[in-house]
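The values are calculated or read from the model by the stated rules, or taken from the named source; none is laboratory data. Keep in mind the model is a prediction, meaning the values are calculated, not measured. Glycine also receives a Cβ, built like all others from the backbone with ideal geometry; neighbour counts cover every protein chain displayed. Quick note on the areas: whole protein, heavy atoms, side chains included, nothing else; ligands and nucleic acids left out. Shrake-Rupley method; radii C 1.70, N 1.55, O 1.52, S 1.80 Å.
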Amino acid sequence: MGPKKPNRRNFLKSGAAAAAAGAVKVTTGQTPVAETKSLKELIAYGERSHYVNSIREPVDARPSPDQFGLTFHVLSPLQDSVGIITPSSLHFIGTHRGSIVPNIDPKQHRLLIHGMVDRPLEFTMDELKRFPSVSRVHFIECQGNHSKAEDKTVQETHGLTSCSEWTGVLLSLLLNEVGVQKGAAWVVCEGAEEVKGAGSIRLAKAMDDCLVAYGQNGEPVRPQQGFPLRLLVPGFEGIYNTKWLRRIKVVDRFYMTYNDYGHISKDEEIAALTLQWGPKSVITFPSGGQQLPGHGTYQITGLAWSGGGAVRRVEISTDGGQTWKDAEIRGPVYPKAHTRFGMTWRWEGQECILQSRCTDELGQVQPSRAELAKFFKVPVDYYKTHGTQGTDNTIQPWRVASDGSVHNAIV
Ligand SMILES: Nc1nc2c(c(=O)[nH]1)N[C@H]1C(S)=C(S)[C@@H](COP(=O)(O)O)O[C@H]1N2
Ligand SMILES: [Mo]
């Protein structure tokens, strides 16, 4: 990002000030960006149109954990999303230590794999690229992605998930290279930042579909996403996707790490529901804070995903859950990836509640909050004062008022 790039607020302010002075002219020529950048810069790395101003927002409820006043978690603007890939600049951010991103020289970076292995090895980035690569589209979602009644927009209710094409080497390939010894059962994966964010995953998952990724959406992984190297643990909670990956230790049992501490519930029933994401979906249009200009035909659209595999079906209800209709899948369907769905809808101007419901390839069906309450044997209004147990994959209702305004309908 160039230092001259106007942030949205300034842009709006100066736009308003200019309008007040009657100075705004519709121009078809050069953009303000063009005026502040050399032709060489403009050609070197493309920028989005200055008419497009979709931005990430920090999570208000999770202020900085340290004295630096840095942002802890940052929400992706899902309301503006199209297709299934999150632009890298808008990928959500989940960090334990605020927005400090370690400054890692990829030439100096090493990945050490050791512990219960025959040949401990240290890989440079160039060496990793000498292994066959794979490119896979996967979502990442933070366990903190809980929808609450006070959240207004889909960015606030669901913005801690994003989806990218990740390129790298299968972890199983690297583990076979070092030779995993008998009795090994877990791997501990550690990041390079000062607190060494780490996570423990079972060897079976590590050998299944985990990826040591150096590429994101066709270019190197972004610094906020773990440059130059991150772990991808498809379908699992975000926290296991270790960024700035520098060390993998093969061990015989679960080890408590900085990340695992305080994160894994002591209640076994809840713990069983945190780890792999269940089937989940959300309508991104029309969604909270948006406004329908009048009655007529619209495209309801949204995203569905599941940690259990591919999305098999998405249903939409426009009558508060009394009846459901199959939505169309409008894009590619990859396992453990965001999947775009849609439906042509005629709004006659009446108040209504819109909801989407995902079924995945395992046959798991996304639950409503009432169903979750029943499962956990708590009263339905329990969630007025408590977050949902485990990872929240409950159905998100949006209320369209008769004036066309759209609101979070969680009660
Ligand atoms: N090294 C390291 N890895 C990390 C984290 C971290 O703080 N340090 N945050 C984790 C959390 S809580 C989440 S939700 C995901 C978020 O990935 P993203 O920032 O690329 O969206 O990264 C995980 N990996
Ligand atoms: Mo997270």
Yeah, the stretch 280-408 with a ≥ b ≥ c from its alpha-carbon gyration tensor (a/c under 1.5 is rounded, else prolate when a/b outruns b/c, oblate otherwise) is oblate
Rounded accessible area per residue of the stretch 280-408, 1.4 Å, Å²: 44
From the Cα centre of the stretch 304-346 to that of the stretch 138-215, the distance in Å is 25
Quick one: with all protein chains in place, what share of the accessible area of the stretch 27-264 is carbon or sulfur, to the nearest percent (1.4 Å probe)? 53
Lys and Arg at +1, Asp and Glu at -1: add these up for the other residues within a Cβ distance under 9 Å of Pro77 and post the number. -1
Once Rh for the stretch 27-264 is found with the Kirkwood sum over Cα pairs, what is the Stokes-Einstein diffusion coefficient at 10 °C and 1.306 mPa s, in µm²/s? 83
Where the accessible area of the stretch 280-408 is counted over protein heavy atoms with a 1.4 Å probe, how much of it, in %, is carbon and sulfur? 52
Cα-Cα over 22 Å, subset of Lys152/Lys280; Lys205/Lys243; Lys196/Lys280; Lys152/Lys336; Lys280/Lys325: Lys196/Lys280; Lys152/Lys336
Rel. contact order, % - alpha carbon contacts under 8 angstrom, at least six apart, the stretch 271-354: 32
Return one whole number: the accessible area per residue of the stretch 27-264 in Å², for a 1.4 Å probe. 47
